[in-house]
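The structure under discussion appears below in the form of structure tokens.
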Amino acid sequence: MTDYSSTPPIRHPAGAPHFHYQDNTLYAEGVRLTDLAHALGTPLYVYSRAALKTAWSAYQQAIKGRKVLVCYGMKANSNLAVLREFAGLGSGFDIVSGGELARVLAAGADPSRVVFSGVGKQVWEMEAALKAGVKCFNVESLPELRRLSGVATAAGKRAAVSLRVNPDVDAQTHPYISTGLKENKFGIAIDQAASAYELAASLPGIEIVGVDCHIGSQITEVSPYLDALDKLLTLIDRLKLRGISLRHLDLGGGIGIRYDDEQPISPSTLLDHIFAQLNARGHGHLELVLEPGRSLVGNAGVLLTTVEYLKHTEARNFAIVDAAMNDLMRPALYEAWHGVLPALVREQAPVVYDVVGPVCESADWLARARDLAINEQDVLVIESAGAYGFVMSGNYNSRGRAAEVMVDGGQYHVVRQRESFEDLIRGESFLP
Ligand code: LLP
């Protein structure tokens, strides 16, 4: 027998315990991932229902006895089955488009628990959200405020509004997913916010209900939230002096997850700090709204892919797999790190591979320099792909988007079919 004692131990899967090894085979709950790959093909997004529930329960415990509405930031994963699961658990939703509104309604969610964010709301989207009766619009600019007032007045309504304030704090995260600095396009600058509220108060179609911010994503510290909260509370105090009072305060999403060795904050830790500050500053009566996305779904999903070729070149070894940047864009876009695990552990010496897709771009890589003991046709598991995975996928190189499957105990359910060629060309036509 060869001695493989130098083989690095398999990492603890990021979605543990719902993703776990048993007899050298990786499972999602009670289902072997290799069985899913063989039955449904790859690339395949696999979600664990139990992992979604576990992530939700961390928020549920944190909000117990407190006035908090959790609005799932559905841009992270908007599959209808995921939305229905969260709706059933009592979640509200943070939406950013008319398309997302249609999805939450299709999933049977309660529109009065929906907040509508985004810098570019169009008239039809405002009309649809007013008709549905969303909890509030998170308004990001003065022109948007004026437009919304006009649209609401024309519909004989008043739009409930929070102004999204840009508190100019550093979320200490990747620049592409940091949103609360003054050079970002998001929100109304904190020093302009009081006058923006005065404009809002003067507009006939607007009812002021709250204040909102979202400072970034994959945040692993409490301090950026507390810095933002501090600035928002100072604003609320100033508004009170001007006779404007608010019912809720929305701190957005952003709690990070473990991809590699990050130590993310828990919802309870964050809420303990937030409520301590709210109470200390005499604002304990405010309803708190949160918009978590990644922390509810990120480690509840993986992407399965099959090794097509092992290509050894002078400079590098490549594992060419059947998933690509069109399926999971995060590495190409942000140089994001995702764990890669073999679905089946092999007793052979590992080799250092770059895991790359078949798309004709050098940016088409999923992982770099990983020790992998693999053969062609093996199934690889790209971890932490439940958030900003499928939703950011596309059809570059005329590749149909992957199927999505939800595991529930020992069962699985396809929650989105793999796209066919007919799906790809739907809506296209030849010249007459
Ligand atoms: N609320 C607002 C207004 C947002 O813009 C976002 C995310 C969220 C809530 C949810 O944030 P989360 O809890 O997921 O951090 N595609 C990037 C992430 C972009 C986040 C955009 N906004 C990625 O793959 O890392």
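The values are calculated or read from the model by the stated rules, or taken from the named source; none is laboratory data. A quick note: this is a predicted structure, and the numbers were derived from the prediction, not measured. Every residue, glycine among them, receives a Cβ derived from its backbone with ideal geometry; neighbour counts consider all protein chains shown. To get the accessible areas, we keep the full protein, side chains included, count just its heavy atoms, and leave off ligands, DNA and RNA. Shrake-Rupley method; radii C 1.70, N 1.55, O 1.52, S 1.80 Å.
Restricted to the range 211-250, and to residues there that are away from the ligand (no atom under 13 Å from the Cβ) and among the hydroxyl-bearing types (S, T, Y), the residue that is most open to solvent (accessible area, probe 1.4 Å) is S245. The combined condition, being at pLDDT 95 or above and within 28 Å of H18 (Cα to Cα), is not fulfilled by S398.
I'd like to verify a number: residues in the range 215-237 that are among the charged types (D, E, K, R) and either part of a loop (DSSP other than H, G, I, E, B) or touching a Phe, Trp or Tyr at 6+ places or on another chain (Cβ under 9 Å) (or both), how many?
1
For the range 327-342, a tally of residues being surrounded by fewer than 19 Cβ atoms within 10 Å (Cβ to Cβ) and either touching a residue at least 40 places away in the same chain (Cβ under 8 Å) or touching a Gly at 6+ places or on another chain (Cβ under 7 Å) (or both) returns 3. For the structure I just gave you, tell me whether V161 is within 16 Å of the ligand (Cβ to nearest atom) and closer than 26 Å to W124 by Cβ. It is true that V161 is within 16 Å of the ligand (Cβ to nearest atom) and closer than 26 Å to W124 by Cβ. Restricting the search to helices (runs of 4 or more DSSP H) fully inside the range 91-210 and requiring at least 1 residues that are in contact (Cβ under 8 Å) with a residue 24 or more places away in the chain, buried (at least 19 other Cβ atoms within 10 Å of the Cβ) and more than 19 Å from the chain's Cα centre (by Cα) gives 123-132, 142-154, 193-202. Within the range 409-432, the set of residues being free of Cβ contacts under 8 Å to residues at least 24 places away in the same chain and not small (G, A, S) comprises Q417, F421, E422, D423, I425, R426, E428, F430, L431, P432.
Of all the criteria given as (1) within 16 Å of the ligand (Cβ to nearest atom); (2) farther than 24 Å from V356 by Cα; (3) open to solvent by less than 50 Å² (accessible area, probe 1.4 Å), the one not satisfied by N77 is (2). Residues satisfying the criterion are absent from the range 28-44 (criterion: open to solvent by less than 10 Å² (accessible area, probe 1.4 Å) and over 27 Å from Q411 (Cα atoms)).
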